[in-house]
Amino acid sequence: MLRRLGFAVALVAVLALLHGLPWWLLVWAPGWPTATTTVVTAVTVLAVLGFPLAMVLGHGPAQRDAAAVAGDTWLGIVWQLFAWAVPGAAALGIAVAAGADAVTAARVVAVVVLVGVTGLCCWGLVEAMRTPRVRRLDVPLARLGPRLDGLRLVLIADTHYGPIDRTGWSRRLADLVNTLDADVLAHAGDIADGTVRRRRDQAAPLADMRAALARVYVTGNHEYFSDAPGWVEHLAASGWTVLHNRHTVVRRGGDALVLAGVDDATASRSGIQGHGADLAAALAGIPDNAPVVLLSHQPKTVPAAVAAGVDLQLSGHTHGGQIWPFHLLVRADQKTLHGLTLPDERTWLYTTRGSGFWGPPFRVFAPSEVTVLTLRRRPRDSENLPLDSRADPGTST
């Protein structure tokens, strides 16, 4: 009872802060005419009351997509209003302290913040809905055999097929992937928000994505909010190799590369029998001295990969923060936001920003991506660190 009460109090406080600061900066402080203030205040109150209702209807047992879209979109907008209201309030305080007229300064700040947030939301919507850019980089693996030098591993993640029907986007993503001549295609989890039955049409183009040697997939945390066993079965039926705490081996000539995968870190708490990350099981029986590429949805699991001697971990989950400045919270949780890092002298970690988006249909300062990782056989030293790739203008749209 006390826990529920505490949650309710925290929820009310968060809603009040998210809506209250923008309302004060944009409505109350500027001293707009009474009619304007009254109307906008009434709309704000309705938003405060309607937002949690929309989220419950959209993401709760009812799973009403229209409500989810409304709630998610408003979450993105109010987050940006709040994020920019903070520096706006600071700027207003400085201006008034410097002797500026309070009402005039408040109106100037309000207009600047409102215009800026409107522009960011429009741009963020375009970024979220566009076909991802292609990012290219080389990754040196000391144990990679010479016949596997130059292997092209294409990484996607966080497609999040959901309440907004993105079947067309999914088809464009598949078409893009098929231009990249993948030897290995990897999906690092969070396929969809919803069951296979609800998102089947959006996910259908996954079956048409091509790779010369293997297509591999691991579950993300969002599969465990809906239908993880269904998605595992669906991907397997679509020709993907599901790395459910297991591995597969690809070869060229006498050289081998291990592709291993583990369930998401949240799987053990899902209540789904047989699901839960088990790296030891995933690596059991791998060929001696073969390099290991591990798919693990969340980058914060990399210490286990380091301890196991994995050569490269591929992760998603972070979305690069998706909507600035949410990246600050994501970095605090995951430690790694995006890109290629070297947590250990042997183990690389690549974290993709993801190909889709979750919830609010915006990407602000966190563009989506499809990554082409070219595996190279060379020692890791300070002169051979890989360079971040540039977007490929020939394959991004």
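Just a few scattered comments:
- Among the residues of segment 80-131, those identified as within 23 Å of V69 (Cα to Cα) and polar (S, T, N, Q) are Q80, T118, T131.
- Unique residue being without any contact (Cβ under 8 Å) to a residue 12 or more places away in the chain, closer than 23 Å to V372 by Cβ and surrounded by 15 or more Cβ atoms within 10 Å (Cβ to Cβ) when the list is T341, T248: T341
- Among the candidates R353, R346, the residue that is in contact with a helix residue (DSSP H, G or I) (Cβ under 9 Å, 6 or more places away or on another chain) and closer than 23 Å to D193 by Cα is uniquely R353.
- Selection of segment 148-162 for residues being over 16 Å from the mean Cα position of the chain (by Cα) and either within 26 Å of N221 (Cβ to Cβ) or at pLDDT below 95 (or both) yields L153, V154.
- For segment 19-37, a tally of residues being surrounded by 21 or more Cβ atoms within 10 Å (Cβ to Cβ) and either of a type in the set (S, T, Y) or in a loop (DSSP other than H, G, I, E, B) (or both) returns 1.
- Of all residues making up segment 38-82, the number that are in a helix (DSSP H, G or I) and either among the basic types (K, R) or in contact with a strand residue (DSSP E or B) (Cβ under 8 Å, 6 or more places away or on another chain) (or both): 3
- Sole exception among (1) buried (at least 24 other Cβ atoms within 10 Å of the Cβ); (2) of a type outside the set (A, V, I, L, M, F, W, C); (3) in contact with a strand residue (DSSP E or B) (Cβ under 9 Å, 6 or more places away or on another chain); (4) within 17 Å of F225 (Cα to Cα) for H187, by number: (4)
- Filtered residues of segment 265-316 (kept if surrounded by fewer than 17 Cβ atoms within 10 Å (Cβ to Cβ) and among the hydroxyl-bearing types (S, T, Y)): S268
- Taken together, G71, G88, G50, G6 contain a single residue that is modelled with pLDDT under 95, in contact with a helix residue (DSSP H, G or I) (Cβ under 9 Å, 6 or more places away or on another chain) and of a type outside the set (A, V, I, L, M, F, W, C), which is G50.
- Selection of segment 347-366 for residues being buried (at least 17 other Cβ atoms within 10 Å of the Cβ) and either at positive phi or not hydrophobic (A, V, I, L, M, F, W, C) (or both) yields T347, Y350, T351, T352, R353, G354, S355, G356, G359, P360, P361, R363.
- Evaluating A100 against the criteria (1) assigned to a helix (DSSP H, G or I); (2) at pLDDT below 95 leaves one unmet condition, (1).
- Test: residue in segment 312-327 that is among the aromatic types (F, W, Y) and closer than 30 Å to C121 by Cβ: yes
- Of all the numbered requirements in (1) touching an Asp or Glu at 6+ places or on another chain (Cβ under 8 Å); (2) more than 22 Å from L373 (Cβ to Cβ); (3) among the hydroxyl-bearing types (S, T, Y), T118 misses one, and that requirement is (1).
- Any hit, segment 71-88, residues being under 27 Å from F326 (Cβ atoms), in contact (Cβ under 8 Å) with a residue 24 or more places away in the chain, of a type in the set (S, T, Y) and not assigned by TED's automatic domain parsing to the domain that holds A290: yes
The values are calculated or read from the model by the stated rules, or taken from the named source; none is laboratory data. The structure displayed is predicted, hence computed values, not measured ones. In this analysis, Cβ positions are derived from the backbone assuming ideal geometry, glycine residues included, and neighbour counts consider all displayed protein chains.
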